[in-house]
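In what follows, a single structure is set out as structure tokens and then discussed.
The values are calculated or read from the model by the stated rules, or taken from the named source; none is laboratory data. Worth saying up front: this structure is predicted, and the values here are computed from it rather than measured. Here the Cβ positions follow ideal geometry from the backbone for every residue, glycine too, while neighbour counts run over all protein chains shown. Areas reflect the complete protein model, heavy atoms only, side chains present, ligands, DNA and RNA absent. Shrake-Rupley method; radii C 1.70, N 1.55, O 1.52, S 1.80 Å.
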Amino acid sequence: MVKMKRSWVGAFVLALAVFAASAASSQVTSEWFETKNWNTIALAATDKADGFSVWGSFAASGSITLFARYDQADPSKDLRPALEDNYYNAGLQYRVNKSLAAAVVYKHEEAKGGITSTQNGTIGSNVAGAKGKLDEAGV
């Protein structure tokens, strides 16, 4: 069973999902995954992982779109059960013309209960109760 964390991020994504689902100019999508031994091919030990993702967008006007995404994963439920990875982003896209769009986005990722590899490098901490995080903004 997937554990949902109570946080302002989760509340924001849920509010966006409820709002966006009622608007014709929006979309909301989600997915859930569960896997066994996806990262332990060369090990005798077995492991499981699971998580979920929710993302959506809302076209505020013909040229402006708001978007957000939230991911939560337990990447090693048997070998490192305390390890959790949470990621979210939110942004604004401006469509300049049919061929060009620009976006401003904020990203946050947090790992607690251990160290994990992400697309931006390794984050987390081996210190009990500590967490590692990564924040970035971009255009």
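Here is a yes/no grid of residues against (1) aromatic (F, W, Y); (2) in a loop (DSSP other than H, G, I, E, B):
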site: F33; (1), (2): yes, no
site: A49; (1), (2): no, no
site: Y70; (1), (2): yes, no
site: K77; (1), (2): no, yes
site: P81; (1), (2): no, yes
site: G91; (1), (2): no, no
site: A103; (1), (2): no, no
site: H108; (1), (2): no, no
site: D135; (1), (2): no, no
Of (1) in contact with a Lys or Arg (Cβ under 8 Å, 6 or more places away or on another chain); (2) modelled with pLDDT of 90 or more, G124 satisfies every one except (2)
I'd like the full set of residues that are surrounded by 11 or more Cβ atoms within 10 Å (Cβ to Cβ) and on the phi > 0 side of the Ramachandran plot, limited to the range 121-139. G124
How many residues does the range 56-65 hold that are part of a strand (DSSP E or B) and either out of contact with any helix residue (DSSP H, G or I) (no Cβ under 8 Å at 6 or more places or on another chain) or open to solvent by less than 30 Å² (accessible area, probe 1.4 Å) (or both)? 5
Restricting attention to the range 98-119, which residues are more than 23 Å from K48 (Cβ to Cβ), open to solvent by less than 80 Å² (accessible area, probe 1.4 Å), more than 13 Å from the chain's Cα centre (by Cα) and of a type outside the set (G, A, S)? V105
